[in-house]
Amino acid sequence: MELASKYSPAEVEAKWYKYWLENNFFHSEPDDREPFTIVIPPPNVTGVLHMGHMLNNTIQDVLVRRARMQGKNACWVPGTDHASIATEAKVVHKLAEEGIKKTDLTREQFLEHAWDWTHKHGGIILEQLKKLGCSCDWDRTAFTMDEKRSKSVIKVFCDLYEKGLIYRGVRMVNWDPKALTALSDEEVIYKEQQGKLFYLKYKIVGENDFAVIATTRPETILGDTAMCINPNNPKTAHLKGKRILIPLIDREIPVIEDEYVDMEFGTGCLKVTPAHDVNDYMLGEKYNLPSIDIFNDNGTLNEHGAQYAGMDRFAVRKQIEKDLEAAGLMEKTEPYTNKVGFSERTDVVIEPKLSMQWFLKMEDLAKPALEAVENDTIKFYPEKFKNTYRHWMTTIKDWNISRQLWWGHQIPAYYLPEGGFVVGETKEEAYQKALSIVNYPLSIDDLRQEEDVLDTWFSSWLWPISVFDGINNPDNEDINYYYPTNDLVTAPEIIFFWVARMIMAGYEYRGKECFRNVYFTGIVRDKLGRKMSKSLGNSPDPIELMNKYGADGVRMGMLLASPAGNDLPFDESMCEQGRNFNNKIWNSLRLVKGWEMIETKEIPNENKQAREWFYHLLEKTKIEVEDLFSKFRLSEALMQIYKLFWDEFSAWYLEIIKPEFGKPIDKETYDQTIYFFEELLKLLHPFMPFITEELYHSLSDKNESIMFVQTTIDKDFREGTILEFEETKEIITNIRNIRASKNISPKEKLNLQILACKDATHCVFTGYNDVIKKLANIETIEIVSEKATGAVSFLVGTTEYAVPIGNLINAEEEIAKMEAEIKYLEGFLKSVAAKLSNEKFVANAKPEIVENERKKQADTESKIASLKESIAALKG
């Protein structure tokens, strides 16, 4: 294949993704190879690709592609989540635009609209992932509400109910007045809000006095059923046994006593509203207080709201403040900052509400899941998230699994005409159970199914099992081969929602871990450190980025700046860096392919030296990359390969072997260069799949895809060769710097003197003379006991080198420069000497730090001596 003059990402990407799909390269079936399995964190079915998805799925693709290249049977299962709250909200909004209210539809009619919406929008994000290069097994695409997954969810609900782990009861829940559903504790985001502390006056019955209560929510006084004081508080002792009147409505309530009340907060008096505060609810249970719910589901006040019935809760807060002041029942207000819970989905203030809900007992399920992470059966990267996980698992509460929605898995509980309910996977199964417990005539149509659906997470917690149908068919070939999965890549904010619950489900239904490693990505932020979001308008369109910089460019740009668990400060220039690297790779191969090749035994010595050096450096880098992958330090692994290609292969190796203009290169060096290029492409392929596939086929006529080509590692690389060559590069760099600082043309041939070498056998660098001569344009290299008059010297290690430059420079200017450098170095030497003369520093610092300071001292002294000699030589 002849390479085009410019790299065209769009053309290359379309061609090779089509090739991969047509050849079914991403598909996996159980065989005798070692499996490598990843399940995608299923994006919302209504979603489109955002920067977080880009980062997360690029990392997954890197891991999967690398596994394929290791000869493993890699299986990456894609899919989407039905996202009850988000999807229902979008469907309700769409219907509203058409003039249709949800309440005007039957459940079945609404679900038809929801399925239409899902079929229309559900595949968008998966198609976008293909553009990114994701190598998912698309034949295995799953949806949390498809037939197999739905059957799995219902089966698990029934099983957990039969085990006594699912129960139904009235509890204080987090109510979302916009989505009109309960939320789990994990779906509530607490934000700091500036509000007021209202001091309200409750008249004491039978006295001409008031008890003052401080509250942040004056509208809830309409639901008060008691006032509570601490029995040990002398300031409120006069209220013991009294009764008081609720302001504005004059309903009489008792004063109760409990040590729960904080004597230091407010006035020491606490209003008790069991229907609208979690702690008040517990006090109500303890003292058998009535519970008065004053709110409708949408956050307006109901018939218990007196004159405020029908008004929104926040409008009531403003109005009741005015009314209390007018009635002389407001003592004062104070500014007050507190944390208020908001719905993660709708971003409205949640309302604590007593509600009949379904719950899953978590305590026993949590035990094996906590132990698995504590003993590293499941490893977290970075490890710091173990602490977060441990804290949540040791304070875990029962999971509210019911949602008051229509879109989702309808709870398989069926209510009986004369009270009670039965649970069954199907209505027919429930009917048979019902017949065995009732003593009255009953038809199947008499059963009424629970209206609520299950929390979306109740389906996704089964994901690593259900994608292989391991719930319905627990001994099938797929689940036995692919489970447990290998790696999970996800965001730390869903460690409780999803990660912890999947681990619990894994132990409950498979008796083992569901994955072995969890890689937590950071949050993608803008240059100002803000989280990217639609509302802020600071999130670029990933598709536009890929159109502009190519998928490989965007993948690389994001990965270079995304260490595990740390936030990614995204800057579009990173994608530009990625595109530039693509162009560098492309142009490097074009350069090599443009050379004429000749069969000859006369191989330039510098070519032999360069090949030997780069071979050992390449093998060393492979080992380092392996180690970084094992620690999930993917960003560092990519940086190692990037530097190897750009800084070593392109800037040094190709420069050394490049033939003179119009002259050929020897075949042996050419062939090894092509081999090096192939090895570099293999290292890069998991990160940059498109350009590496294109160039792999350009190296020679390849009938295979690069994604299955394994690489070998020579663990016996020679570190000495690498170090010697590093010193050679340093010599060349110093000579080039001399040319630049003295304005000597690169075409001007120079000579190099090596001092302090007794003979050639003691001078390390004579073996690399040909490389130095070629890249530094040196005519002769000689060992001398004294450097030439007017020579400029430099040190590499402890060896001094000198470049005689004679009349090529202005002696006075050079002396002035060197004297200035000596002055600076003497100041630096003084600070180092001060450190080393400090007995405390020498005694307490680490030995290697002290040794490093001594080395600085010796090197600086040597540089000063060399500069002084150069000055003396110039002065003649």
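At a glance:
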| item | result |
| --- | --- |
| DSSP bridge orientation in the chain - percent antiparallel, rounded to nearest 5 | 70 |
| Carbon plus sulfur fraction of accessible area for the chain, probe 1.4 Å, in percent | 49 |
| For the chain, calculated [θ]222 nm from helices alone, where every DSSP H run of n ≥ 4 adds -39500 (n - 2.57) | -13500 deg cm²/dmol |
| Top positive-direction residue, dipole computed over the range 620-672 with Cβ charges, set TRP652, LEU634, ILE665 | LEU634 |
| Residue list for the range 150-186, given a label point 7 angstrom along the Cα-to-Cβ vector of ILE437 and an amide N cut-off under 19 Å | 154-170 |
| Solvent-accessible heavy-atom area per residue, rounded to whole Å², over the chain at 1.4 Å | 45 |
| Entries of LYS148/LYS361; LYS593/LYS747; LYS643/LYS663; LYS235/LYS397 with Cα pairs more than 32 Å apart | LYS235/LYS397 |
| Value of relative contact order over the chain, rounded to a whole percent, pairs C-alpha under 8 Å and six or more apart | 12 |
| Net length gained if the chain between SER785 and GLU192 were fully extended (0.36 nm per residue, minus Cα distance) | 206.0 nm |
| Net dipole in debye of the chain [+1 Lys, Arg Cβ; -1 Asp, Glu Cβ; about Cα centre; nearest 20] | 1740 |
| The chain: angle of helix 634-643 to the longest principal axis, Cα-based, in degrees nearest 10 | 20 |
| Residues with amide H under 5 Å from that of ALA791, placed H, sequence gap 5 or more | ILE805 |
| Candidate residues LYS163, LYS72: accessible-area rank, largest first, probe 1.4 Å | LYS163, LYS72 |
| Aspartates and glutamates with Cα under 19 Å of LYS130, excluding same-chain neighbours fewer than 8 positions away | GLU11, GLU13, GLU22, ASP61, ASP81, ASP139, ASP541, GLU544, ASP552, GLU693, GLU694 |
| Residues of type lysines that LYS196 reaches as a straight line, Cα spacing below 17 Å, ignoring anything fewer than 8 places off in the same chain | LYS271, LYS318, LYS322, LYS332, LYS339 |
| (1) 1.08; (2) 1.15; (3) 1.28, with the label sought being that of the calculated Cα Rg over 2.2 N^0.38 Å | (3) |
| Where GluC sites (Glu not before Pro) fall in DSSP loop in the range 612-692, at most 13 other Cβ within 10 Å | GLU660 |
| Among ILE744, PRO368, ILE754 - extreme Cα towards positive end, dipole of the chain, charges at beta-carbon | ILE744 |
| Residue pairs, from the table LYS6/LYS658; LYS102/LYS286; LYS131/LYS682, whose Cα atoms sit over 30 Å apart | LYS102/LYS286 |
| Sparse-neighbour loop sites [trypsin sites (Lys or Arg not before Pro); the range 545-612; at most 14 other C-beta within 10 Å; DSSP] | LYS601 |
| Set LYS667/LYS749; LYS749/LYS773; LYS830/LYS868 screened for pairs whose C-alpha atoms are more than 21 Å apart | LYS667/LYS749 |
| Paramagnetic reach from GLU334 in the range 232-252 [backbone N under 16 Å; point 7 Å along Cα→Cβ] | none |
| Where GluC sites (Glu not before Pro) fall in DSSP loop in the range 444-528, at most 15 other Cβ within 10 Å | GLU451 |
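The values are calculated or read from the model by the stated rules, or taken from the named source; none is laboratory data. All values derive from a computational prediction rather than experimental measurement. In this analysis, Cβ positions are derived from the backbone assuming ideal geometry, glycine residues included, and neighbour counts consider all displayed protein chains. These area figures cover heavy atoms from the full protein model, side chains too; ligands, DNA and RNA do not enter into them. Shrake-Rupley method; radii C 1.70, N 1.55, O 1.52, S 1.80 Å.
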